Amino acid sequence: MPAYYATAPGKIILFGEHAVVYGRPAIAVPVLQVRAKATVNFDPRSAPGIVTLQAPDIGFEAALSDLPEDHPLAAVVRKAASAMQLSHIPACTIRVTSNIPIAGGMGSGAAVSVAILRAFSTALGHPLTDEQVSQLAYEVEVIHHDTPSGIDNSVITYAKPVYFEKGKKIEILKVHQPFTLVIGDTGIQSPTGSVVSEVRHAWEQAQDQYESFFSAIGAMAASAREALELGSMDVLGSLMNENHAVLKEMSLSSPELEGLVETARSAGAWGAKLSGAGRGGNMIALVKPESSAQVAGALSQAGAKRTIITEIGAT
Ligand code: PMV
């Protein structure tokens, strides 16, 4: 029996994290160098009716029937089965691997969901549409943290730069010229759900102030979209610096993130900011392609646990 597989990329938020949860626009891009992969095997020797889930990277193996409703991997498979209107799932093994850092703001959870949804539905002869894949991956994100904006599942499903506003139809961004990002990982895991709850708590305490933070960030995302359409890299870099300053004021930065952001700017980046939930995880720097290796080297020297140089192609 053949094995079926699908992969899904990581992602980085360029502008608008947190504000996007409160209805402001945000921009995210796929990171194609890191991926989650799901492989489905129908092994005639496997026990009838048993669906086995394996995630060898984290030493996980279990039968679907033994997993609770809210287990993220089990939830993906069950949601896929119900979208395909399968009354029973044939015996198979679903194996998931990923080199996307976990809890680093690179969308590892959503990428695993998208890869499973595509591999599993194709294996069973009912490939789900992109819209279904994105919607089901969103429903699983809700299990990871209560109030996801939906940006992760969107950018990862479509694997294109997106301009995203909650509740609106997703827009694929026009990118006038390719651009290069260096991603620096602090190595500090920062689970999105808890940071998002802390921001909600702060918003409840000081709504006017937080609404004005979010509006400022939303305006930056809108300006960034124009800069991308025109190919104005210096404007884009300055907007990243401004977006970082607001996130810092919301106390979402950390000494490690500050160190890496400062290092990237001193090494010649057009701009740099934290990316994702903050407090840890990754930062990004917009650089000239010819200085990317130098900026990545400077980030490693300054303590980055891993760096990725990625080019976002014109669309
Ligand atoms: O990049 P991540 O996966 O850490 O997501 C953070 C993005 C937030 O805006 C903080 C949350 C969300 O759901 O959009």
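The values are calculated or read from the model by the stated rules, or taken from the named source; none is laboratory data. Not measured: the values here are computed from a predicted model. Cβ atoms come from the backbone with ideal geometry, glycine included; neighbour counts cover every protein chain shown. Surface areas here come from the heavy atoms of the whole protein model, side chains and all, with no ligands, DNA or RNA. Shrake-Rupley method; radii C 1.70, N 1.55, O 1.52, S 1.80 Å.
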field: D (Stokes-Einstein, µm²/s), Kirkwood Cα radius, the chain, 1.567 mPa s at 4 °C
entry: 65 µm²/s
- prompt: For the cross-link pairs 168/273; 174/305; 160/305; 79/273; 168/305, which exceed 29 Å when the distance is taken from alpha carbon to alpha carbon?
  reply: 174/305; 79/273; 168/305
- request: Would you pull out the residues with amide H under 5 Å of residue 306's amide H, same chain only if 5 or more places away, H placed 1.01 Å from N?
  value: 185
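Run the numbers on the chain and let me know its relative contact order in percent, using alpha-carbon pairs under 8 Å that are six or more apart. Show your work: numbers first, answer last.
Details: 706 pairs, mean separation 71.6, N = 315.
Once normalised by length, the contact order is 23 percent.
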field: Largest-first principal axis extents of the Cα set of segment 116-275 (Å)
entry: 52, 41, 31
field: Shape parameters for segment 164-221, alpha-carbon atoms, Rg then Dmax in Å
entry: 15.7, 42
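Would you tally the net charge around residue 224, using a Cβ to Cβ cut-off of less than 15 Å, leaving residue 224 out, and scoring K and R as +1, D and E as -1? It would help to have the intermediate numbers written out before the result.
Values: positive: 24, 174, 225, 273; negative: 17, 165, 171, 226, 229, 234, 242.
Here the charged neighbours net out to -3.
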field: Separation of the residue 212 and residue 88 label points, Cα + 7 Å toward Cβ, nm
entry: 6.4 nm
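Could you give the dipole magnitude of the chain about its Cα centre, charging the beta-carbon of Lys and Arg +1 and that of Asp and Glu -1, in debye to the nearest 20?
700 debye
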task: Report Rg/Rh for segment 182-315, rounded to two decimals, where Rg is the Cα radius of gyration and Rh the Kirkwood radius.
output: 0.98
Within-15-Å neighbourhood charge of residue 109 [Cβ basis; K, R +1; D, E -1]: -2
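As a check on your grasp of the helix formula, calculate [θ] at 222 nm for the chain: sum -39500 (n - 2.57) over DSSP H runs of n ≥ 4, divide by the residue count, round to the nearest 500.
On the way: 9 runs with 128 residues, N = 315.
Helices in the chain give a 222 nm mean residue ellipticity of -13000 deg cm²/dmol.
Could you grab the relative contact order for segment 1-113? Cα pairs under 8 Å, six or more apart, rounded to a whole percent.
Values: 202 pairs, mean separation 37.4, N = 113.
Result for segment 1-113 is 33 percent.
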task: Quote the accessible area belonging to residue 130 in square angstrom, nearest 10, computed with a 1.4 Å probe and with ligands, DNA and RNA left uncounted.
output: 70 Å²
message: Under 10 Å, Cα contacts only: if you run a Gaussian network model on the chain, which one of 281, 259, 109 comes out with the highest mean-square fluctuation?
response: 259
